[in-house]
Amino acid sequence: MPIYKYDDQSLKNAAELIKKGELVAFPTETVYGLGADGLNPIAVAKIFEKKNRPAFNPLILHIADKNTLKDYAFYEDPIIDKLTDKFWPGPLTLVLPKKDTVPDIVTSGNETVAIRMPNNEIALRLITLSERPIAAPSANKFGHLSPTDAEHVSKSLGNDLFILDGGKCAVGLESTIIGYKNGIFSLLRPGGIPIEEIEKITGALTIKDKEEISPESPGQLPFHYSPEIPLYIINRSGMSDKNFLNSLGNKKVGLLLFKEDNPDIESVLHNYSKKILSESGNLAEAAANLFKFLHDFEKEKVDLILTEPVEPSGLGLAIMDRLKRAAERYKI
Ligand code: TXA
Ligand code: MG
């Protein structure tokens, strides 16, 4: 099955497939999702199979109406309502105690469920027309880059999948995931909503360290966002990495810069292709371009990617999180 441009007919066909327990890849504002009927365990199992995803990694349930949150999760704290009023629809995922309505395969046996309401008209219409919540991880093979357009999805998951094409994702980074336990809010994954915005409502978030995050949110394992090619984060002047840069010789380098040229580094490289995440230094634009540019470097078949760090505040925190994860196994 090829890629289908979004219109009323393709949307209807996609919803029929979801109802029949089949998979559909669909756009959200963050990244494309690989969706299945979230209340049908056999349909959900197909997601794990298609992604080669370890069964211990739980999925996010996508809803189209804030009021249905209570159908799947327990909570009383009014701060949760404040969060959903402020950020839904949008790139915020809440992890809350689950109700029995949610099949165990969705949560990988956890007593909690991750839920969000995406801010994308196509996603919302698909969920509404399917008449059930849609369980969906990012629509890529496990451990690969998240897709931000329909072509990225077909490249990673192949052609025997119905892909609803809604163009490029507006945010381009996965949702921010917030946990809630005993009245305490914690950050499980930085993402499309800056934590500073969330903390205005929740107060300071507990930020767990990597080791602690891993078992609870296994998608947080290092390497998770690695593109196929090595990625190295070097400091902006490149001075401390001079030996390394000199050793590259004629290797083809994908140079990922934040907002402007970098003469210090460029003067040492012989063979490189350069991409600038946001020429105006806008973090939202940088986030939206991040996965796309990494995909583009893969297409260009560069031998390695060099990138400079971004200030880790606001959306910069999520950008640095993804870059560090991609870089983890390729430490110099
Ligand atoms: O923006 C997004 O969040 C995208 C779009 C498609 O909605 N989805 C996405 O899903 O990024 P995925 O599966 O690639 O990442 C979901 C993350 C994983 O790291 C998973 O471990 C964590 O959410 N997660 C899901 N349920 C959880 C739970 N009950 N407790 C803790 N972490 C959970
Ligand atoms: Mg993912």
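The values are calculated or read from the model by the stated rules, or taken from the named source; none is laboratory data. Model, not experiment: these values are computed from the prediction. Virtual Cβ from ideal backbone geometry, glycine too; neighbours counted across all protein chains shown. Ligands, DNA and RNA are excluded from the accessible area calculation, which covers all protein heavy atoms including side chains. Shrake-Rupley method; radii C 1.70, N 1.55, O 1.52, S 1.80 Å.
In the range 43-90, how many are within 13 Å of ligand 1 (Cβ to nearest atom), touching a Pro at 6+ places or on another chain (Cβ under 9 Å) and in a helix (DSSP H, G or I)?
Of the residues in the range 43-90, 5 are within 13 Å of ligand 1 (Cβ to nearest atom), touching a Pro at 6+ places or on another chain (Cβ under 9 Å) and in a helix (DSSP H, G or I).
Is one or more of the residues making up the range 22-32 open to solvent by 70 Å² or more (accessible area, probe 1.4 Å) and not β-branched (Val, Ile, Thr)?
There is at least one residue in the range 22-32 that is open to solvent by 70 Å² or more (accessible area, probe 1.4 Å) and not β-branched (Val, Ile, Thr).
I'd like to know if the range 84-96 contains one or more residues that are open to solvent by 40 Å² or more (accessible area, probe 1.4 Å), more than 16 Å from ligand 2 (Cβ to nearest atom) and more than 17 Å from THR68 (Cβ to Cβ).
The answer is yes; a qualifying residue exists.
Filter the range 106-133 down to the residues that are aliphatic (A, V, I, L, M) and touching a Phe, Trp or Tyr at 6+ places or on another chain (Cβ under 8 Å) and list them by number. Working first, answer last.
To start, the set of residues in the range 106-133 that are aliphatic (A, V, I, L, M) comprises 106, 113-115, 117, 122-124, 126-127, 129.
Passing the criteria: VAL113, ILE115, MET117, ILE122, ALA123, LEU126.
Within the range 128-151, track down each residue that is farther than 19 Å from ASP104 by Cα, touching a strand residue (DSSP E or B) at 6+ places or on another chain (Cβ under 6 Å) and more than 13 Å from ligand 1 (Cβ to nearest atom). Walk me through it before giving the result.
We begin by selecting, within the range 128-151, every residue farther than 19 Å from ASP104 by Cα; these are 128-131, 138-151.
Pick out the ones that are also touching a strand residue (DSSP E or B) at 6+ places or on another chain (Cβ under 6 Å) and you get 139, 146, 150.
Selection gives ALA150 alone.
Of all the residues that make up the range 171-189, how many are within 14 Å of ligand 2 (Cβ to nearest atom), not aliphatic (A, V, I, L, M) and not in a strand (DSSP E or B)?
3
So, restricting to helices (runs of 4 or more DSSP H) that lie completely within the range 236-327, which ones have at least 2 residues that are under 23 Å from the mean Cα position of the chain (by Cα)?
On the way: elements: 242-246, 263-266, 283-300, 315-327.
By residue number, 283-300, 315-327.
Quick one: which residue in ARG125, ARG116 is at pLDDT 95 or above and in contact with a strand residue (DSSP E or B) (Cβ under 7 Å, 6 or more places away or on another chain)?
ARG116
Rundown of residues vs (1) within 16 Å of ligand 2 (Cβ to nearest atom); (2) under 30 Å from ILE229 (Cα atoms); (3) of a type outside the set (A, V, I, L, M); (4) open to solvent by 40 Å² or more (accessible area, probe 1.4 Å), yes/no style:
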residue	(1), (2), (3), (4)
GLU111	no, no, yes, yes
ALA114	yes, no, no, no
ILE122	no, no, no, no
ARG125	no, no, yes, yes
SER130	no, no, yes, no
ILE134	yes, no, no, no
ALA139	yes, yes, no, no
PRO147	yes, yes, yes, no
PHE162	no, yes, yes, no
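Out of the range 264-315, which residues are of a type in the set (Lys, Arg) and either surrounded by fewer than 17 Cβ atoms within 10 Å (Cβ to Cβ) or at pLDDT below 95 (or both)?
LYS274, LYS292, LYS299, LYS301
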